[in-house]
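S.K.: Supplied in structure tokens, the structure appears directly below.
The values are calculated or read from the model by the stated rules, or taken from the named source; none is laboratory data. Model, not experiment: these values are computed from the prediction. Cβ placement follows ideal geometry from the backbone for every residue including glycine, while neighbour counts extend to all protein chains displayed. Quick note on the areas: whole protein, heavy atoms, side chains included, nothing else; ligands and nucleic acids left out. Shrake-Rupley method; radii C 1.70, N 1.55, O 1.52, S 1.80 Å.
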Amino acid sequence: MTKPRVNHQFYMQRALELAAQGRFSTHPNPMVGCVIVANGEIVGEGWHQRAGEPHAEVHALRQAGERARGATAYVTLEPCSHFGRTPPCADALINAGLKCVVVAMQDPNPQVSGEGIARLQAQGIDVKVGVLEQDARRLNSGFVSRMQRKRPWVRVKMAASLDGRTALANGASQWVTSSDVRNDVHRWRAQSGAILSTAETVLADQAQLTARHQQAVLQPLRVIIDSRGLLTGEEVVFSNTAPILLVHAPDTQRSVESAARWPEHVQVVTVERTQTGHIDLTELLHTLAAREVNSVWTECGAQLAGALIEAELVDELIVYLAPKLMGHTAHGLLHLPPFEAMSQVPELKFTDVRLVADALRIVAVPHRVRGDILS
């Protein structure tokens, strides 16, 4: 009798669904899910729930108990092989007597990549790698970006009228979109490692830059570019004790008195200017990666949004289009240099288009990104 073919994709898809449950709480760790299957039955499930706590494999093994012996484990990321805040998961799988381990993707950390797989194989465990790999990479695009590119995954959020306008000629912009859209934005914030904005935006909008959503577990780092020294510490953004990273240039004018007034939850970092006089955004993103920030949610004006796109630092655009028309005198979506040929125009690929209340939410990815991290 022919042995029935095991549906590896089915079980890995379940493991990915489990992993996604940690999107609000695992930062700066990746999201990981694990499913243990014995005789065609799922006997154990788990996911990494919070940084510093047991990994997905440990939760699944605890549920499976003795039924894990001789079973197959499906893990969305290569089991770790080193001691961090928790013991190596590869050892836990070995000690449990697994027969086979199916891995969606290798750990993108070049210092440990492949070591967990090698440890399993050295103990005679059959290891299969690459099942639903693209889905696994997409799930942890921020972690992959930080490991491979030494910078976070950058999402730029923009809200505009149907004719691409963000504010009236007199500057009035509240509110272009509805409260339902703002709730959706807070959900995106809640799953980000950092929120990036500018002093100008903070002052204009009296912004708090916090994640006010029922699923928020960890408040993102609030990163505010203030190269002109406009902020004093008295603004509403400083009233919340979630961490703030103020970004100054070496020549930012600030008095000793104002620097001494920064609350304890505020840190100041100095980033060089480029030849154009603006903060070096690439250097800033490397600085954030060094602080273990996987993903950045950007809420800013047209100038910073355009600068990020021009520097090819944007990985996803999230644009909310409201069913309104604001006219040609209103402010445009972003500032880009004048193009002389269509070949110079940045090209995007729509990856998701849906209604959020009465607004259209479009997620678009530059073509270069799809071959960079997502494949």
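S.K.: Going through 184, 163 one at a time, which residue ends up being surrounded by fewer than 22 Cβ atoms within 10 Å (Cβ to Cβ) and within 17 Å of the chain's Cα centre (by Cα)? Show your work before the answer.
M.R.: On the way: 163 fails: within 17 Å of the chain's Cα centre (by Cα).
One residue alone meets the criteria, 184.
S.K.: Right, here's the next one. What number of residues in the stretch 296-328 are more than 21 Å from residue 364 (Cα to Cα) and open to solvent by less than 10 Å² (accessible area, probe 1.4 Å)?
M.R.: 0
S.K.: Can you give me the number of residues within the stretch 88-128 that are under 21 Å from residue 38 (Cβ atoms), in contact (Cβ under 8 Å) with a residue 24 or more places away in the chain and out of contact with any Leu (no Cβ under 7 Å at 6 or more places or on another chain)?
M.R.: So the answer is 11.
S.K.: Check off (1) among the acidic types (Asp, Glu); (2) under 30 Å from residue 19 (Cα atoms); (3) at pLDDT 95 or above for residue 180 and give me the number that stays unchecked.
M.R.: (3)
S.K.: Where in the stretch 195-295 are there helices (runs of 4 or more DSSP H), lying fully within it, with 3 or more residues that are within 26 Å of residue 27 (Cα to Cα) and open to solvent by 10 Å² or more (accessible area, probe 1.4 Å)? So that I can check it myself, show each step before the final result.
M.R.: Numbers: elements: 199-205, 256-260, 281-290.
Correct list: 281-290.
S.K.: Something else now. Among the numbered criteria (1) modelled with pLDDT under 95; (2) open to solvent by less than 70 Å² (accessible area, probe 1.4 Å); (3) more than 30 Å from residue 218 (Cα to Cα), which one does residue 52 miss?
M.R.: Evaluating residue 52 over (1) modelled with pLDDT under 95; (2) open to solvent by less than 70 Å² (accessible area, probe 1.4 Å); (3) more than 30 Å from residue 218 (Cα to Cα) leaves (3) as the failure.
Per-residue answers, yes or no, for (1) among the small types (Gly, Ala, Ser); (2) at pLDDT 90 or above:
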residue: 158; (1), (2): no, yes
residue: 164; (1), (2): yes, no
residue: 169; (1), (2): yes, no
residue: 174; (1), (2): no, no
residue: 187; (1), (2): no, yes
residue: 195; (1), (2): no, yes
residue: 201; (1), (2): no, yes
residue: 205; (1), (2): no, no
residue: 219; (1), (2): no, yes
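S.K.: Would a scan of the stretch 343-361 turn up a residue that is outside any loop (DSSP other than H, G, I, E, B) and crowded, with 19+ Cβ neighbours inside 10 Å?
M.R.: Initial filter on the stretch 343-361 (outside any loop (DSSP other than H, G, I, E, B)): 343-344, 348-356, 359-361.
Imposing the further condition that a residue be crowded, with 19+ Cβ neighbours inside 10 Å reduces the set to 359, 361.
Checked against the condition, which is being outside any loop (DSSP other than H, G, I, E, B) and crowded, with 19+ Cβ neighbours inside 10 Å, the stretch 343-361 yields at least one hit.
S.K.: Starting from the stretch 214-232, keep only residues that are charged (D, E, K, R), then list their pairs with residues that are assigned to a loop (DSSP other than H, G, I, E, B) and open to solvent by 70 Å² or more (accessible area, probe 1.4 Å) whose Cβ atoms are within a distance under 8 Å, requiring at least 6 positions of separation or different chains.
M.R.: 228/253
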